[in-house]
Amino acid sequence: MNPRALIAEDEPLLAQALRAELARAWPQLQVVEMVGDGAAAVEAALRHGPDVLFFDVRMPGLGGLEAAAELADAWPEEAPFPALVFVTAYDQYALQAFDAHAVDYVLKPVQPARLQKTVDKLQQLLAQRQGRGSDLEATLGQLRHLLQAAPATAPRQPLLKVIQAGVGSAIRMVPVEAVLYFEAADKYVRVVCEGSELLIRTPLKELTAQLDPQLFWQVHRGTLVRVTAIDSVQRDESGKLHLALRGRGERLPVSRLYAHLFKAM
């Protein structure tokens, strides 16, 4: 059975160029679908179960890294996870990160000689996987490193002590120690405290860089939780982790990407 691939690229001409070069470099490879955004990439990958993913790093909504992380969280445990190749414009940080964490990449515009090296690597990887599947934990580790490396290249901002949230004509001043968790919600972030919740416009990714990582842990793509507010970690019938918070009834899901944070001492 011929290997199958999914291309996620928001620039149609570049997507077509990549598909054409792949047809020359790897005639046996079947491109099952081409999509233009991260959410569609996750849905299509779950539907087709391809052997290889070509994900553009920058796409509308979910970028390639975030889409790969969301896909890994939803991927069936019994199925081998696809080999990942990221498509990127030249960026020295990106190349160093991908090289360091063993995730292959293709530069824009596609260069046939470089793509052939990627194809050779993929063919070797897929041959090694025959009969033994893929190591999802290794992929999760790669994605964690890549997602964490990006903010480290920027100067560290001073840690937030107080969250300022507009409420009507007033501004509420909330100490960060009073926040139970932050949750992305459309264009806002919910700031959930013990007896109230507020909305702020600061993106969760920007907020993460301003919070003490020892005090707030990211447990999902859209959730940061105060560690000292966690009462217990529970596993459901499907093996997924959920957090119970002190004095709260809701359960916060933990994605596979962050499940490694919770281990008995």
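Key figures
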| read-out | value |
| --- | --- |
| Out of R221, R226, sole residue that is over 23 Å from V42 (Cα atoms), under 22 Å from the mean Cα position of the chain (by Cα) and among the basic types (K, R) | R226 |
| Complete set of residues in the stretch 17-50 that are free of Cβ contacts under 8 Å to residues at least 12 places away in the same chain and closer than 22 Å to Q111 by Cα | A20, A23, P27 |
| Strands (runs of 3 or more DSSP E) contained in the stretch 186-265 and holding at least 3 residues assigned by TED's automatic domain parsing to the domain that holds I171 and without any contact (Cβ under 8 Å) to a residue 24 or more places away in the chain | 188-193, 230-235, 241-245 |
| Looking only at the stretch 2-23, and only at residues there that are out of contact with any strand residue (DSSP E or B) (no Cβ under 6 Å at 6 or more places or on another chain) and small (G, A, S), the one that is nearest to F86 (Cα to Cα) | A17 |
| Number of positions in the stretch 57-108 that are of a type in the set (V, I, T), closer than 17 Å to T139 by Cβ and modelled with pLDDT of 85 or more | 2 |
| All positions within the stretch 158-194 that are charged (D, E, K, R) and closer than 21 Å to L215 by Cβ | K161, R172, E177, E183, R190, E194 |
| Residues located in the stretch 128-159, provided they are of a type in the set (D, E, K, R), at pLDDT 75 or above and in a loop (DSSP other than H, G, I, E, B) | none |
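The values are calculated or read from the model by the stated rules, or taken from the named source; none is laboratory data. Fair warning: this is a prediction, and the values are worked out from it, not measured in the lab. For neighbour counting, all protein chains shown are included, and Cβ atoms are generated from backbone atoms with ideal geometry for every residue, glycine included.
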